[in-house]
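> There's a structure below that I have some questions on.
Just so it is clear, none of the values below were taken in a lab; they were calculated from the coordinates. Computed from a prediction, not measured in an experiment: that's the story for all the values here. Glycine also receives a Cβ, built like all others from the backbone with ideal geometry; neighbour counts cover every protein chain displayed.
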Amino acid sequence: MSPSSFTTILLVRHGATATTGTILPGRAPGLHLSERGIAQAEAVAVRLGELTKKPVALYVSPLERARETAAPIAKVLKLRPFIDRGLLECDFGTWTGKKLSLLSRKAEWKTVQNSPSTFRFPDGESFGEMQQRVWSTLEKLARTHRGRAIVVVSHADPIKAAVTYAQGVPLDLFQRTVISTCSVSAIGFTSGGPVVLTVNSTASLSELTPS
């Protein structure tokens, strides 16, 4: 595989907020990183700075928690962050801002977990639409930065959908993948198709190279 034909996209989930794991925040504005999230963002910036193949661009979801995660990454990598709405969180519609403990009691919750390809959030987006939106965005960015490495800061479900799509995993099984706060997942775009380099990594990235 020629290095010039290998484009690496490093997908970073935003850092923790005060409601991570308890609320379905969706696209609601005004949600910021907690102290733990800020520390996570600073740590992932250092890890990204260890890469041999230095990223040449940084793209970010427009939500505050993503932009705040991108800030230390931009500083370490000396890159200007560009906002891209294609990286937004899934539109959860009327479920936005609801407690997960209450949502999990809904009859539809089993569908969300076991048959997500069949579900559309009330007044919101379907998982299929989200996956298509995110993957199209990543393909566009890969074409723009062919042969280089870039960083993308987004959200758990979009990253999970992208990684599983690249692996050929059916959308109905994408909930089996975990994407932790400030974890890094990496997809290589090649002429022969995508290659998944790592998923949900919270360790050093210094040796992240295709075999």
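> Apply the Karplus curve 6.51 cos²θ - 1.76 cosθ + 1.60, θ = phi - 60°, to the phi angles in segment 57-72 and return the couplings in whole Hz, x for Gly and Pro.
Result, rounded to whole Hz: 7, 9, 10, 9, 4, x, 6, 4, 5, 6, 5, 5, 5, 6, 4, x.
> Calculate how steeply helix 156-167 sits against the longest principal axis of the alpha-carbon atoms of the chain, using the helix alpha-carbon long axis, and give the answer as 0 to 90 degrees to the nearest 10.
60 degrees
> In segment 82-135, which GluC sites (Glu not before Pro) are in a loop and have at most 16 other Cβ atoms within 10 Å, using DSSP for the loop call?
For GluC sites (Glu not before Pro) across segment 82-135 that sit outside H, G, I, E and B with at most 16 neighbouring Cβ atoms in 10 Å, the list reads 108.
> Place +1 on the Cβ of every Lys and Arg and -1 on the Cβ of every Asp and Glu in the chain, take the dipole about the Cα centre, and give the residue among 104, 191, 175 whose Cα lies farthest towards its positive end.
Positive-end residue among those listed: 191.
> For every helix of n ≥ 4 consecutive DSSP H residues, a contribution of -39,500 (n - 2.57) applies; sum these over the chain, divide by its total residues, and give [θ] at 222 nm rounded to the nearest 500 deg cm²/dmol.
Value at 222 nm, helices only: -10000 deg cm²/dmol.
> With +1 assigned to the C-beta of every Lys and Arg and -1 to the C-beta of every Asp and Glu, and no other charges, what is the dipole magnitude of segment 3-201 about the Cα centre in debye, to the nearest 20?
Rounded to the nearest 20 debye, it is 320 debye.
> Next question. From the mean inverse distance of alpha carbon pairs (Kirkwood) and the Cα radius of gyration, derive Rg over Rh for the chain.
The Rg/Rh ratio comes out at 0.95.
> Starting from 0 in steps of 5 Å, tell me what percent of the Cα-Cα pairs of segment 75-156 lands in each bin.
3, 12, 19, 21, 14, 11, 9, 8, 3, 0
> Once the dipole of the chain is set up with Lys and Arg at +1 and Asp and Glu at -1 on Cβ about the Cα centre, which of 205, 88, 132 lies farthest towards its positive end?
Positive-most Cα among the choices belongs to 205.
> Would you pull out the residues with amide H under 5 Å of residue 126's amide H, same chain only if 5 or more places away, H placed 1.01 Å from N?
Correct list: 121.
> Please list, by residue number, every one of the trypsin sites (Lys or Arg not before Pro) in segment 55-93 that is coil in DSSP and has at most 15 other beta-carbon atoms within 10 Å.
Sparse-neighbourhood loop trypsin sites (Lys or Arg not before Pro): 78.
> How far is the Cα center of segment 146-211 from the Cα center of segment 14-67, in Å?
16 Å
> While we're here: Can you order the peptides 52-64, 151-163 by their average number of other Cβ atoms within 10 Å per residue, highest first?
By packing density, highest mean first, the sequence is 151-163, 52-64.
> While we're on this one: Kirkwood hydrodynamic radius (Cα pairs, Å) of segment 150-198?
Value: 11.3 Å, from the Cα pair sum.
> Also, quick follow-up: Answer with one residue from 19, 159, 147: the one whose Cα lies farthest towards the positive end of the charge dipole of the chain, charges on Cβ with Lys, Arg +1 and Asp, Glu -1.
Checking the options against the dipole of the chain, the answer is 147.
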